[in-house]
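Here is the structure we will look at, set down as structure tokens.
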Amino acid sequence: MKKKVLIVDDDQDILHMIKDGLEQMTNTYDILGASGGEQCFNLLEKGERPDIILLDIMMPEMSGWDVFAKLKENPAWRSIPIIFVTVKADPFSKGFGKMPADDYIEKPFSIQDLKERIDKIINR
């Protein structure tokens with residue numbers, strides 16, 4: 001059975017790059033995309049249940065931090081693993097992001113590295 005990956009990023013190029021890269025590398029994922037927090041929650045409220053969420057931090061309207069907090073407040077969603085995928089590479093963001101999330105990966109990154117991190121989290 002395929003694992004479901006939800007990518008939440010306001011940059012359409014990043015959404016497509018991750019989706020296309022993972023689909024070319026493996027056929028073990030169903031990949032969904034959301035252009036921000038509101039679309040992410042709309043998908044979840046409609047019954048989509050991802051096995052992992054790749055979450056950008058710097059997004060307009062609702063930051064990745066806010067999306068993360070709202071996900072963790074809801075008992076139905078709080079157990080979904082989250083990898084922050086972001087350009088925020090300062091020590092504070094990196095240190096703070098690694099504490100609550102399952103992983104933290106800086107842009108730019110290799111699709112191979114991302115896939116390995118996803119696999120490690122999903123398979124534990």
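The values are calculated or read from the model by the stated rules, or taken from the named source; none is laboratory data. In this text, all values refer to a predicted model and were calculated from it rather than measured experimentally. We place every Cβ from the backbone using ideal geometry, glycine too, and count neighbours over all the protein chains shown.
A compact table of results
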| quantity | calculated |
| --- | --- |
| Cβ pairs under 8 Å, 6+ apart, first in the stretch 55-66 and aromatic (Phe, Trp, Tyr), second part of a loop (DSSP other than H, G, I, E, B) | Trp65/Ile57 |
| Qualifying position, being surrounded by 18 or more Cβ atoms within 10 Å (Cβ to Cβ), more than 11 Å from the chain's Cα centre (by Cα) and at pLDDT below 95, among Gly97, Gly64 | Gly97 |
| Any hit, the stretch 14-28, residues being over 20 Å from Glu116 (Cβ atoms) and more than 13 Å from the chain's Cα centre (by Cα) | yes |
| Residue list for the stretch 20-55, filter: among the aliphatic types (A, V, I, L, M) and over 22 Å from Ala76 (Cβ atoms) | Leu22, Met25 |
| Subset of the stretch 100-124 [hydroxyl-bearing (Ser, Thr, Tyr) and more than 24 Å from Lys72 (Cβ to Cβ)] | Ser110 |
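Yes/no per residue for (1) surrounded by 20 or more Cβ atoms within 10 Å (Cβ to Cβ); (2) assigned to a loop (DSSP other than H, G, I, E, B); (3) modelled with pLDDT of 95 or more:
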{"position": "Leu32", "(1), (2), (3)": "no, no, yes"}
{"position": "Gln39", "(1), (2), (3)": "no, no, yes"}
{"position": "Ile57", "(1), (2), (3)": "yes, yes, no"}
{"position": "Pro75", "(1), (2), (3)": "no, yes, yes"}
